[in-house]
Every structure is written in structure tokens, then in C-alpha cells.
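Nothing in this text is a laboratory measurement; each read-out follows from the coordinates by a stated rule. These numbers come from a predicted model, not from an experiment. Cβ coordinates were reconstructed from backbone atoms using ideal geometry, including for glycine residues, and neighbour counts include every protein chain displayed.
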Amino acid sequence: MNSMTRYLQTHDHLAKRFEQVERKLRFNATTPDELRQWRRRTARKLKALIGYDTMTRTAPKPRITEEKDCGDYLRQRIELFTEPDVLLCAYVLIPKNAAGPRPAIVAPHGHGSGGKLAVAGCDNRPEIAETIRRHNYAYGVQFVRKGFVVFCPDARGFGERREQDAAANLLGSSCLWISNMAYPLGQTVTGMWTWDIHRLIDYIQTRDDCMPDRIGCAGLSGGGLQTLWASALDERIRGAVVSGYLYGYKESLLDINCCQCNYVPHLYEWVDMGDIAALIAPRPLLVETGTRDFLNGASGLANVKSQINVIKKAYRVLGAPKAIVHDIFEGEHQWNGVEAIPWMEKHLNA
């Protein structure tokens, strides 16, 4: 095989198909009534696509397995069942200097985080310390120090929930393994993650130290994916921060080969990412975008803004244009938090 070899590749064909396939549920409402009807149809369809309705409710049987004093906050490890044979584990960060029930934050992680470890600031291993430094990953600690009770769960396929394929790699994940098993059974990683966060919220609402009607969600990268879907499909999430994960699907997930957890069968036939985020309106939403984030795609910020414009239309229709904020910061694929944390304080403490 020489340097003149010509590869007969499929990508260009799929890119053209992306443009040809009609987005059957693209956001185009112009009145609040039209938006509400669109929201019902879209939420129902998205749940079907991700296999959400195939999940099985069960008694959570929560238990606290350990507690550690971290100086200005306590860290609990909890376990609870989200399905009859599916156990979720999480760290709960509890501020010491805050009296009474507090607003709660669900802080899901992305890839290369050791699951909950980086978000919860567990930097006693060098690889976790490095990913925290590189991505400003310990946003769970940043939130607890502002008085929030913070829940840092392991997503399925990460941390303590890794499958055998990733057991030897603390920063690894089992997204591809789980996807390969789940797709033929009508399920997806996205659906599993969304379901688990919703069941975690069920538990949060039972805790005496949390305010059940003041729950936010904030995450970077794959944690942004989890925040986006969980917030779009559950109105109990009163404020959301999506960091490093809000852009047009074609440039960022079709042209760039990303982790399997991003891909939902038939999704592009129905919506783009901005349409999913429009389901959050009029609840407060802040999107963080690094100027040099490789996931922005070939056109960079233009690809991101194409979806932000869709979201802004939904907020204008509902008379809440100031509830959507786009924080563009100079940086790469990382958590920023400069605007996001005071913004969450403003909305969840109001």
C-alpha cells in the first residue's frame, strides 16, 4: 500500500445525510402554548430514544457508608439503588458553616476524572491531582464552599462503577462496552445516566439537610451531557450549568469521533443539541464555552452560537430572556466557574 492509496470512506456520505434528514422536532414555537405542546412531544420522544422508559423504579434503600472531615466541609459516601440491581454511589459534600437545610447541587463528572474523585477534590493520587489542575475539575468543592450541599455521583461506567474492561485504569471508562450491550436491548448510556440523576434527586428531596425545591445541576464535558439531559427532562432541576458541552451535533459529534456515550440512535433525525436545551426554558441555564475547546468544532464559537440562538428563542417566547447566559471564556476544554457559581448562588438562594 503506497502513499497514493485512496480510501473509500463513509464520513462524507453521513455528513450529507445529516443535512438531508429533517429535524422533525426542531424548535420553532412562537407562542407559549406552541412551546408547551412542542415540549410535551419532544420530551416524550427523547425519553423513547434514550430508553428512559425501559428503566425500572425500585426502592432506593439509601445508606451512608463513610464520613470524612475535610476541614470546612464533611464528605459522605452514599449508596442507593436506582434500579432493582443497579447501585449508584456518590460523594456528598456538606458545608460546616451553613445552618439549616441548604440548596443542593448535583455535580456530575466527565471523562478522565476518576468518576466522582476529581469533582469531589480527592487529589491524593497523582493522576487525579493532574486532571483537577488541567481541567479545574474540583467544582464540587467550589460549590460546597459557597454553602451548597453537593452530590458527586459516579456515572455508570466510571469510578467504582467501571466494567471489567476499564478496571485497571482509574481514569478510564466503560462507555463503549455498556453501549454495545445496551443498544440491542433498547437502552443507551445517555438514558442510564439521565435516569440515575433523576433517582438521585428523589433521594436528595428526602434529606433533612437539603431544600427539596432548590436543586441545581452543573457539570463539565460528559458532566455537561448529563446536566443537559437531566435538566431537559426533569423540572425539579431549578438551575443548570452546562460546561464544555453545548454545540451543533454535526461539527462536534459527527465530524469528531467522540466517546460512544454521546450517541443516541436516530437522535439527529429529530433534534439538534439546542433543541434539547430549549426544553429547560424558562428555568435558569448558564452555558460555559472555552474559546479553544476542541469540541466546538471546525467553525469554533460559530458552531456553539448556532445552538445558543435556538435556546434564546425559547427563552424569549416564555418572556425570560435573561434566564439564559452564555459565558465565553478564554481557555480550553475545562470548567470555568467564574460566572457560573455566583449565578447559581443567585438563582438557588433567591
CD proxy, 222 nm, the chain: helix-only mean residue ellipticity via -39,500 (n - 2.57) per DSSP H run with n ≥ 4, per residue, nearest 500, stands at -10000 deg cm²/dmol
In whole Å, largest first, the alpha carbons of the stretch 170-267 cover along the principal axes 44, 31, 28
Taking placed amide H atoms and a strict 5 Å upper bound, the residues 5 or more places from Leu74 or on another chain that come that close are Ile94, Lys96
Whole-Hz Karplus couplings 3J(HN,Hα) for the stretch 70-78, θ = phi - 60° and coefficients 6.51, -1.76, 1.60, Gly and Pro as x, run 10, x, 8, 8, 9, 10, 9, 9, 10
Based on Cβ point charges of +1 for Lys and Arg and -1 for Asp and Glu, what charge dipole magnitude is obtained for the chain about its Cα centre, in debye rounded to the nearest 20?
-> 840
State, as an integer percentage, the relative contact order of the chain based on alpha-carbon contacts under 8 Å between residues 6 or more apart.
-> 18
Between Leu200, Leu176, Leu14, which gets the highest mean-square fluctuation from a Gaussian network model of the chain, Cα cutoff 10 Å?
-> Leu14
So for Val325, Val189, Val149, fewest C-beta neighbours within 10 Å to most, what's the order?
-> Val325, Val149, Val189
At what distance in nm do the modelled label points of Ala48 and Thr206 sit from each other, each positioned 7 Å from its Cα along Cα→Cβ?
-> 3.2
Return Lys305, Lys16 ranked ascending by Cβ neighbour count within 10 Å, so the fewest neighbours appear first.
-> Lys16, Lys305
Which of Val242, Val21, Val86, Val119 has the fewest Cβ neighbours within 10 Å, and the rest in rising order = Val21, Val86, Val242, Val119
With a point put 7 Å past each Cα toward its Cβ, work out how far Lys24 is from Asp213 in nm, to one decimal.
-> 3.8
Phi angles of the stretch 266-282, converted by Karplus (6.51 cos²θ - 1.76 cosθ + 1.60, θ = phi - 60°) into ³J(HN,Hα) in whole Hz with x for Gly and Pro, give 6, 4, 5, 6, 10, 8, 10, 5, x, 5, 4, 5, 4, 5, 6, 4, x
Give, to the nearest whole percent, the P(r) tail of the stretch 35-99 beyond 13 angstrom, counting all Cα pairs.
-> 73
Grab the beta carbon distance between Val338 and Cys70, set R0 = 30 Å, and tell me the FRET efficiency rounded to 0.05.
-> 0.80
For the stretch 67-167, Kirkwood radius (reciprocal of mean inverse C-alpha pair distance, Å) | 13.9
Can you give the translational diffusion coefficient of the stretch 277-350 in µm²/s, computed by Stokes-Einstein from the Kirkwood radius over Cα pairs at 4 °C and 1.567 mPa s?
-> 100
How large is ³J(HN,Hα), in whole Hz, for each residue of the stretch 39-52 in order, when computed from phi with the Karplus curve 6.51 cos²θ - 1.76 cosθ + 1.60 and θ = phi - 60°, using x for Gly and Pro?
-> 4, 4, 5, 6, 4, 5, 5, 5, 4, 5, 5, 8, x, 4
Report, in cubic angstrom per residue, the convex hull volume of the C-alpha atoms of the stretch 27-348.
-> 126
Stretchable slack from Glu235 to Asp12, in nm (0.36 nm times residue separation minus alpha-carbon distance) | 76.4 nm
